[in-house]
Amino acid sequence: MASDDGAVSATSEEPLPLPQQGLSLPPEAKSELASQWRRLGRALTIVAVLTAPVAFVWFHEQAGLSLGWSLVVTFLCVVAFRGVSDVVIRKFIPWPSLFGEQSERAKEQDVVDRRRAWFWRFWLKLGLWFIGIVTIVWLVNVFQGDAESWPATIGEIVDAIGRILSTPQLWIQVVFVFFLFIANFMIFFGPLMLMGISQIRGYEPGDADWGVKLDDVRGQAEAKEEVRHVVNLWQSGEAFERAGGKRERGLLMLGPPGTGKTMLSKAIATGFNCPFVSIPGSGFAQTFIGIDALIVRFLARKAKRLARKWGGQCIVFIDEIDAVGMRRRALGSSFSGFQPESFHDYCFFGPWGSLTPTGDLVLETRAWRERLFTERADPPALHYSGFAQRVGNIANQVFPGFMGGMGQLALNQLLVTMDGIGDPPFWRRFWTTRINTLLDATYVIPRRLGSASLRLPRPKPRAEQIFFIGACNVPIEVLDPALVRPGRMGRHVWFRTPTRQDRLDIFNLYLGKVAHELELDTDRRRDELARITNGYSPAMIEQVCSMALTIAHHGGRESFTWEDIVDAMTTIESGTAINVEYVPEETRAVAIHEAGHAVAAHVYMKGTESTRLSIRRRGRSLGHHQALEKEERFSSWRHEEMGRLIWTLGAMAAERVFYGENSTGVGGDVMSATARAAWMVGSCAMAPERVELGDHIDTEEEEAQREKIMKRFEQIGLQIMQRAGSGGPFEHDPIAGVLSDPAKRTLAAQLLGQAYIAAHHVVAANREAVEHIADVLVERRELHGDEVLQLLDAAALEAPEVDLVEDDAWPRL
């Protein structure tokens with residue numbers, strides 16, 4: 001390779017190993033090879049410098065250049081010789097980095113060598129192209145017999161190119177074509193892009209006040225505190241980072257619509273002293289592919305500009321982020337079909353999730369509330385199959401907004417933007433790299449002079465921080481995994497549907513803002529309001545308070561009363577009551593019907609309490625009974641489901657007890673009861689309970705008598721069971737499967753029989769109390785909260801003991 005004094009010489013040692021062989025050498029040999037490579041580089045530099053005087057003399061004496069230009073050209077020749085020789089030698093000799101030396105000095109030198117090689121490789125290729133063109137021109141002149149005029153030909157070509165480039169008409173045409181392209185782009189895509197950009201709203205501190213503070217976000221104490229912690233770190237997390245922590249890049253708020261996600265984002269924008277940029281997820285949906293990606297880039301640019309202006313952070317809020325962040329098609333779906341979680345997945349009717357199609361039975365549970373708030377979300381996108389789906393997929397890629405879908409460019413660009421927020425500025429990186437490369441390529445300007453660096457420092461990321469907040473109503477499973485992973489929107493905050501206690505907290509907020517009677521400030525009334533507002537969102541509670549004040553002002557009063565707020569609630573829930581006077585007999589029959597529900601619920605549903613009892617017609621319902629689960633539950637026992645089955649059949653039993661027959665009004669109850677019995681048998685393994693016969697039955701006769709009783713239950717249940725077709729909830733298993741299987745249908749029929757017998761006897765045993773409740777209901781038409789509980793408690797209802805062996809215990813259907 002090279003001798004110790006720097007001269008190039010042969011060596012008697014083994015030949016230079018190939019890169020593959022060098023990689024297998026011991027560390028000492030690798031270090032020695034790398035050292036020899038560096039000595040070879042110094043030798044080439046010395047040769048170039050020693051021959052420089054010859055070149056200077058030639059340029060100054062022979063070429064006639066001035067002293068200054070001779071020095072400049074000589075310097076360029078020296079560095080060009082050094083660079084070209086470096087490129088050529090590296091074609092035959094492996095790079096030093098391949099020898100495995102891992103010292104910091106070796107790594108730094110390797111970066112410099114590669115940068116030099118890249119620079120001179122480019123100019124060598126350019127020079128070879130120039131030499132090739134000159135050679136072709138010379139050969140053409142040789143074949144034409146005019147070999148001496150080739151320099152003139154080269155000059156003519158250069159002059160012609162110069163004349164073309166200096167022609168004003170050429171530049172006018174270039175400018176015109178460019179302007180024409182921009183004009184066409186703006187004509188076709190400008191309005192669409194402007195519509196998307198117009199949805200990007202930027203707010204600087206002090207620009208806007210939505211009138212929402214963190215204290216105004218009620219019913220989500222845990223979620224609010226979690227968001228507060230994250231945003232506090234965003235605003236003042238320097239000490240946290242100095243301690244080794246890393247601030248979260250994004251926050252994802254999950255939960256049904258109406259649970260306070262957008263309201264909390266407004267509180268963040270109002271309460272935290274940093275810029276705030278917002279855009280709805282639908283703002284990324286564009287007709288033509290590519291525009292959505294431009295909107296993402298514009299969003300990031302706006303956020304960075306605001307962050308730089310305010311010298312700190314900027315928060316970007318994307319509402320309904322599922323419109324852009326859905327799982328990509330290439331990743332497949334995360335769902336495996338219909339997966340019911342509760343009985344409400346089978347029987348859920350109307351805007352308030354009634355258990356019957358007529359809307360007369362509503363039971364608030366945690367599962368009911370989750371389903372109710374989910375139903376209030378926007379409808380899902382249409383799904384196609386077969387050829388239509390293939391056509392739709394193609395159209396979605398080209399016209400994502402036209403087909404109601406969403407292209408993937410916006411999501412991909414959003415992911416890239418989140419990752420690139422902390423990158424150094426592009427132009428600073430560009431010029432730093434180019435200037436350092438030029439300095440390294442001269443070979444004579446050292447990288448350091450003592451401890452001082454002679455190169456531009458590597459650019460660092462900007463100090464500004466961009467943080468993302470997303471809000472969506474869909475399950476996290478349907479969002480793209482790349483969006484919700486740590487480093488992007490890795491912090492997830494779940495918003496629950498408002499419970500009874502949450503609604504009490506929300507009422508305390510909004511009642512404090514409107515004029516009302518002092519009666520509504522008592523703990524009893526506040527608790528009653530929270531109990532009877534089943535399924536209300538914060539926005540609905542605010543609307544109720546406002547509407548109650550409207551009713552009061554319409555009546556000439558400055559503040560509203562309990563009656564006003566109850567009237568507002570019933571109007572919002574079911575629409576304006578239809579003041580139709582029923583036939584007196586029908587009015588009483590409806591009251592008996594609803595009293596049967598209320599009595600059965602009060603006796604057999606110990607974990608619930610009645611919240612409303614009404615015979616005022618709203619929508620399709622002539623009356624309704626609502627109940628509330630006292631505690632938040634995630635599952636239920638068999639006796640609780642049996643109690644709900646008895647509750648459902650209580651109205652039918654009341655009609656049979658008082659009139660000896662039932663009306664068509666029990667049709668919805670029968671359908672719901674049939675579905676519940678089949679669901680209990682098919683999904684929950686809840687068979688009919690064992691019948692206890694008492695001491696007066698001999699052991700030999702016990703099983704026969706028990707079988708007879710179960711058969712009688714089955715006969716009653718089969719008469720009640722709806723088997724009119726495959727409509728409503730029967731479209732999904734296990735209900736359809738249970739009713740089509742003889743053994744399972746028998747168990748479901750026995751459950752219905754047992755439930756009806758219990759409902760029939762509780763109504764018959766408390767006939768006078770049921771009649772009194774019906775009379776009060778006929779007089780009052782509608783009862784709420786404590787009024788219902790006081791009426792039922794005063795009736796002293798009891799569940800009777802029934803001897804199923806006696807024939808009198810069996811009602812006739």
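The values are calculated or read from the model by the stated rules, or taken from the named source; none is laboratory data. Everything quoted here is computed from the prediction, not taken from an experiment. Using ideal geometry, Cβ is built from the backbone for each residue, glycine included, and neighbour counts are taken over all protein chains shown. Areas reflect the complete protein model, heavy atoms only, side chains present, ligands, DNA and RNA absent. Shrake-Rupley method; radii C 1.70, N 1.55, O 1.52, S 1.80 Å.
Here's the picture: charge each Lys and Arg Cβ at +1 and each Asp and Glu Cβ at -1 in the range 430-579, and of Gly490, Tyr536, Thr550 the one pushed furthest to the positive end of that dipole is Gly490. Fully extending the segment from Val175 to Arg812 would add 219.8 nm, taking 0.36 nm per residue of separation and subtracting the current Cα-Cα distance. Only the Cβ atoms of Lys and Arg (+1) and of Asp and Glu (-1) were treated as charged; on that basis the dipole of the range 500-576 about its Cα centre amounts to roughly 140 debye. Oblate is the label for the range 425-468, because a/c, from the alpha-carbon gyration tensor with a ≥ b ≥ c as root eigenvalues, is 1.5 or above and a/b does not exceed b/c.
Between Trp123 and Trp431, the FRET efficiency estimated from the beta carbon spacing at R0 = 25 angstrom works out to 0.85. Straight-line cross-link reach from Lys708 at under 27 Å between alpha-carbon atoms covers these lysines, not counting any fewer than eight positions away in the same chain: Lys744.
Computed from backbone phi, the HN-Hα couplings of the range 669-674 come to 4, 4, 5, 5, 5, 4 Hz, rounded to whole numbers (Karplus: 6.51 cos²θ - 1.76 cosθ + 1.60, θ = phi - 60°; Gly and Pro given as x).
Out of the range 478-556, which trypsin sites (Lys or Arg not before Pro) are coil in DSSP terms and have no more than 13 other C-beta atoms within 10 Å? When the trypsin sites (Lys or Arg not before Pro) of the range 478-556 are filtered for loop state and at most 13 Cβ neighbours within 10 Å, Lys513 remain.
One chain, two ends: Trp138 and Glu768. Fully extended at 0.36 nm per residue, the span grows by 214.5 nm beyond their Cα-Cα distance.
With a Förster radius of 35 Å applied to the beta-carbon distance between Gln790 and Glu375, the computed FRET efficiency rounds to 0.60. Site pair Ser453 and Arg38 shows an inter-label distance of 2.0 nm when each label is modelled 7 Å from Cα along Cα→Cβ. Rounded to 0.05, the FRET efficiency of the Ser635 and Met186 pair, given R0 = 60 Å and the Cβ-Cβ distance, is 0.50. Restriction of the chymotrypsin sites (Phe, Trp or Tyr not before Pro) in the range 616-649 to DSSP coil positions whose beta-carbon has at most 14 other beta-carbons within 10 angstrom yields Phe634, Trp637.
In this structure the range 411-544 gives 48 Å² per residue of accessible area when probed at 1.4 Å with all protein chains present. For the range 588-648, what does the alpha-carbon gyration tensor say about shape, rounded, prolate or oblate, given a ≥ b ≥ c as the root eigenvalues, a/c under 1.5 as rounded, and a/b over b/c as prolate? Since a/c reaches 1.5 and a/b is larger than b/c, the shape of the range 588-648 is classed as prolate.
Ligands, DNA and RNA left out, the accessible area of the range 191-313 computed with a 1.4 Å probe is 51% carbon and sulfur.
Pairs Lys224/Lys266; Lys246/Lys302; Lys606/Lys630; Lys224/Lys630: which exceed 21 Å Cα-Cα? The pairs that break the limit, which is 21 Å between Cα atoms, are Lys246/Lys302; Lys224/Lys630. Taking a sphere under 14 Å around the Cβ of Leu299 and counting the other residues whose Cβ falls inside, with K and R at +1 and D and E at -1, yields a net charge of +4. Protection proxy ranking, highest mean first, for peptides 437-449, 245-257: 245-257, 437-449, where packing is the per-residue count of other beta-carbon atoms within 10 Å, averaged.
Extending 7 Å from the Cα toward the beta-carbon at both Arg201 and Ser546 defines two label points whose distance is 1.5 nm.
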